[in-house]
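Below is one structure; the comments refer to it alone.
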Amino acid sequence: GAGVSQSPSNKVTEKGKDVELRCDPISGHTALYWYRQSLGQGLEFLIYFQGNSAPDKSGLPSDRFSAERTGGSVSTLTIQRTQQEDSAVYLCASSSVTGELFFGEGSRLTVL
Amino acid sequence: GESVGLHLPTLSVQEGDNSIINCAYSNSASDYFIWYKQESGKGPQFIIDIRSNMDKRQGQRVTVLLNKTVKHLSLQIAATQPGDSAVYFCAERVGGYNKLIFGAGTRLAVHP
């Protein structure tokens, strides 16, 4: 498709379970970002991938969070042993060299 | 850490009036600023951007003003319409690195 695609759009899980969230960036975009948005809040930076460079993981809140980007395209954000405070919308964005970020619709995660 | 904040958490305007949304940023090394609009249940959408070597940029019905002296950014929306109702975020990029730092957002409510 033409835009950033994220799946699943909604995920409900039980506390302690692992979840995987997927992001398909816009074709040709070299940069990919994950942000987290809690209810009524701003966007919290999680991780940034740029080409083949080492990712900037400085925003990951704990070692339960990890992300990878395979083949410079699709990215997966994994949250292990989910906690209730992990409930949020997880937004993925991609950008070209011009720097404008295009966001997906987000994956809403609810941890019961 | 570095942060971008907003002066007004909510703004209510009458349809047809002009709206001004303000934002303060903290990092004098920021070289690029973007305004995003986020409608309920959707990802943020790019509105307009401005580089630090400019103080004003105009788009269709929107104008962004940058005052580097006081580290202040504003978004002006002319002839506000009901479809402009959303949460607006400013974001800054520090020193050419593509990681964007977002503020908490301002909710714009347009009344007929």
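Which of the listed residues, A:Gly106, A:Ser66, A:Gln41, is farthest toward the dipole's positive end in region A:27-112, when Lys, Arg count +1 and Asp, Glu count -1 at the beta-carbon? So the residue furthest toward the plus end is A:Ser66.
Using Cβ point charges alone (K and R +1, D and E -1), the dipole size of chain B about the Cα centre works out to roughly 220 debye.
Take each residue of peptide B:101-109, count the partner chain Cβ atoms within 10 Å of its Cβ, and average: the result is 3.
Net charge around A:Arg22, counting only other residues with Cβ within less than 15 Å of its Cβ (Lys, Arg = +1; Asp, Glu = -1)?
Numbers: positive: A:Lys11, A:Arg69, A:Arg108; negative: A:Asp18, A:Glu20, A:Asp24, A:Glu68, A:Glu105.
Its environment carries a net charge of -2.
Secondary structure note: in region B:4-111, about 90% of the DSSP beta bridges are antiparallel. Peptides A:19-25, B:85-91 ranked from most to least packed by the mean count of surrounding Cβ atoms within 10 Å: B:85-91, A:19-25.
Starting from the Cα gyration tensor of region B:36-112, take the square roots of the eigenvalues, sort them a ≥ b ≥ c, and report rounded, prolate or oblate (rounded when a/c is under 1.5, otherwise prolate if a/b is larger than b/c, else oblate). Oblate shape, in that a/c is at least 1.5 and b/c is the bigger or equal ratio. Summary of the geometry: region B:34-112 and region A:43-112, compared by the centres of their Cα atoms, lie 23 Å apart.
Would you work out which of B:Ser85, B:Gly103, B:Gln38 lies farthest towards the positive end of the dipole of region B:4-111? Charges go on Cβ: Lys and Arg +1, Asp and Glu -1. Farthest along the dipole direction, towards plus: B:Gly103.
Is there a quick way to get the dipole size of the protein assembly as shown? I mean about its Cα centre, with the Cβ of Lys and Arg at +1 and of Asp and Glu at -1; what is the value in debye to the nearest 20?
100 debye
Given the pairs A:Lys17/B:Lys37; B:Lys37/B:Lys68; A:Lys15/B:Lys37; A:Lys57/B:Lys56; A:Lys15/B:Lys99, which are separated by over 29 angstrom at their Cα positions?
On the way: A:Lys17/B:Lys37 33 Å; B:Lys37/B:Lys68 23 Å; A:Lys15/B:Lys37 32 Å; A:Lys57/B:Lys56 34 Å; A:Lys15/B:Lys99 31 Å.
In this structure, A:Lys17/B:Lys37; A:Lys15/B:Lys37; A:Lys57/B:Lys56; A:Lys15/B:Lys99 lie more than 29 Å apart at Cα.
Summing Cβ point charges (Lys, Arg +1; Asp, Glu -1) relative to the Cα centre of region A:1-106 gives a dipole of roughly 140 debye.
Here, each number is a calculation from the coordinates, and none is a lab measurement. Bear in mind that the values here come from a model prediction, so they are computed numbers and not experimental data. Don't worry about glycine lacking a Cβ; one is built from the backbone with ideal geometry, like all the others, and counts go over all protein chains shown.
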